[in-house]
Amino acid sequence: MTSLQDRVAIVTGGGTGIGKGVALSLARQQVRVVVCGRRQDRLEKTIDAICQQGGEAIAIRADVSQTDDVQRLVDATLDGYGRVDIVVNSAGVVDESAALHELNLADWDRVMATNLRGVMLVMRTVLPIMRDQRSGHIINISSESGLEYYTGDAVYGTSKHALNALSEYAQRENQDYGIRVNTICPGMVVTEMTENSVGLNHDKCLYSEDIADLVTWLLTRRQNIKIGTPILIQTMLNPWE
């Protein structure tokens, strides 16, 4: 297992949910973490939790769908730590379920802006740095909805299907530079966003720690090991039953 000590990681969506769980887990591995999100109060709670466990982290408030914000995020990482070794793209939003012919175009644009454009902007900005280093690891958090086709899920599902494809393009274009790109597709994860869903059995769900464990496992493989994408992680029992 490769040590992650003193690596530098950017985690988007790090104020809550999977992103927060990943940020805390990486900090325990002595990774220096740059936590990004849109809500400063949530970011500060993540930073406080990291500091309480003896980790090192900084918070950057940014909207990954905005080009200037992404550039500022990466610049702040370089200013603070001098390099970018790891990126975990966990920022994501969902929409209200609706049939395709009833879609609200504003919902479509909002979801695509964060779930797809945001990941593209972050990768587009960090890849030249990683290419110069001839090393780097990007992990994109997709969804089981990016592998299945659920009725009423066209906006979110399409964003995640497209993310899976985008990640594979990034892997193939950059693997000769020592850069790995993985995509994780979780099933239902209990987060602030989902915990109050009607009919959801939390005992049959995933938790952010489960995804964080998988992230750590991927990051600690030997440099030449390539794990095919996307990677589905789900529970054996239906969380809706």
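The values are calculated or read from the model by the stated rules, or taken from the named source; none is laboratory data. None of these values were measured; they are calculated from a predicted model. Cβ: placed from backbone, ideal geometry, glycine included. Neighbour counts: every protein chain shown.
The table below lists the values:
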read-out	value
Residue within region 55-63 that is under 19 Å from Ile211 (Cβ atoms) and either surrounded by fewer than 23 Cβ atoms within 10 Å (Cβ to Cβ) or touching a Lys or Arg at 6+ places or on another chain (Cβ under 8 Å) (or both) present	yes
Selected residue [crowded, with 22+ Cβ neighbours inside 10 Å, out of contact with any strand residue (DSSP E or B) (no Cβ under 9 Å at 6 or more places or on another chain), in contact (Cβ under 8 Å) with a residue 40 or more places away in the chain and small (Gly, Ala, Ser)] from Ser167, Ser159	Ser159
Pairs, first in contact (Cβ under 8 Å) with a residue 60 or more places away in the chain and closer than 12 Å to Thr12 by Cβ in region 111-140, second assigned to a loop (DSSP other than H, G, I, E, B) and of a type outside the set (D, E, K, R), C-beta under 7 Å, six or more apart	Gly118/Val64; Gly118/Ser65; Gly118/Ala91; Val122/Val64; Val126/Val84
Flag for Ser208 being in contact with a Lys or Arg (Cβ under 8 Å, 6 or more places away or on another chain), crowded, with 18+ Cβ neighbours inside 10 Å and touching a residue at least 12 places away in the same chain (Cβ under 8 Å)	yes
All positions within region 149-205 that are aliphatic (A, V, I, L, M) and in a loop (DSSP other than H, G, I, E, B)	Met188, Met193, Val198, Leu200
Filter result for the condition that a residue is at pLDDT 95 or above and surrounded by fewer than 19 Cβ atoms within 10 Å (Cβ to Cβ), over Ala106, Ala9, Ala113	Ala113
Residue in region 132-139 that is in a helix (DSSP H, G or I) and under 21 Å from Asp69 (Cα atoms) present	no
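Rundown of residues vs (1) closer than 24 Å to Gln29 by Cβ; (2) aliphatic (A, V, I, L, M), yes/no style:
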position: Met130; (1), (2): yes, yes
position: His137; (1), (2): yes, no
position: Ser143; (1), (2): no, no
position: Ala165; (1), (2): no, yes
position: Arg172; (1), (2): no, no
position: Met188; (1), (2): no, yes
position: Lys226; (1), (2): yes, no
position: Ile231; (1), (2): yes, yes
